[in-house]
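Novice: I have a structure I would like to understand better, so I am pasting it below and will then ask my questions one at a time.
The values are calculated or read from the model by the stated rules, or taken from the named source; none is laboratory data. As the structure is a computational prediction, the values presented were derived from the model and not from experiment. Methodologically, a virtual Cβ is constructed for each residue, glycine included, from the backbone with ideal geometry; neighbour enumeration extends over all protein chains shown.
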Amino acid sequence: MSALKIKKGSSKHSAYNLRPNFSDVQERHTLAVIVDNEPGVLARVIGLFSGRGYNIESLTVAEVDHTGHLSRITVVTTGTPQVIEQIKAQLGRIVPVHEVHDLTVEGPVVERELALIKVAGQGDDRVEALRLADVFRAHVVDSTLGSFVFQITGAPDKIDAFAELMRPLGLVEVARTGVAAISRGAP
């Protein structure tokens, strides 16, 4: 009889196998979906995500072809590689969907977002907020004696960093557009 016994229900995996199971790794993907610009299409796309419990981190929609009546839905989502593939396949099966592009895997991508950030402050906090806005190239689009509204554009992490720095200076409210993304270079 062996001196080493494995307890019932304990793992049989080695304690030294520290590599993650890649099927469990969560990835962030930016998807561009070209759809007919007609009533109900956005609800059907969103319904696919909510019905299956998929998360949407960011969503933007706009008409991109007025004559062809086509809109572009840009969705930032997270999931395992299998879930991302499932999302893309299911999106492609929705009737008014013309194209589904996974910008994350198709190559380099440019992602930008616009945010309006309201900061209320007095004295030194007000001066510091203006100084930081200059560093981040944020523009004052509204000003009162007690507050500023800054407009900032850039990558989502830039906006996150600016908002975090504004928090101790009197951050009141943040409104964000969501990510707009496009692949870099030639088609």
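Novice: Could you grab me the full set of residues in the range 102-159 that are without any contact (Cβ under 8 Å) to a residue 12 or more places away in the chain and under 22 Å from the mean Cα position of the chain (by Cα)?
Specialist: Answer for the range 102-159, where residues must be without any contact (Cβ under 8 Å) to a residue 12 or more places away in the chain and under 22 Å from the mean Cα position of the chain (by Cα): just D157.
Novice: Does D24 satisfy the condition of being surrounded by fewer than 16 Cβ atoms within 10 Å (Cβ to Cβ), more than 15 Å from the chain's Cα centre (by Cα) and at pLDDT 95 or above?
Specialist: no
Novice: Please give the number of the condition E57 fails out of (1) out of contact with any helix residue (DSSP H, G or I) (no Cβ under 7 Å at 6 or more places or on another chain); (2) at pLDDT 95 or above; (3) of a type in the set (D, E, K, R).
Specialist: All conditions are met except number (2).
Novice: Only one of (1) over 30 Å from E63 (Cα atoms); (2) among the hydrophobic types (A, V, I, L, M, F, W, C); (3) buried (at least 18 other Cβ atoms within 10 Å of the Cβ) fails for V135. Which number is that?
Specialist: (3)
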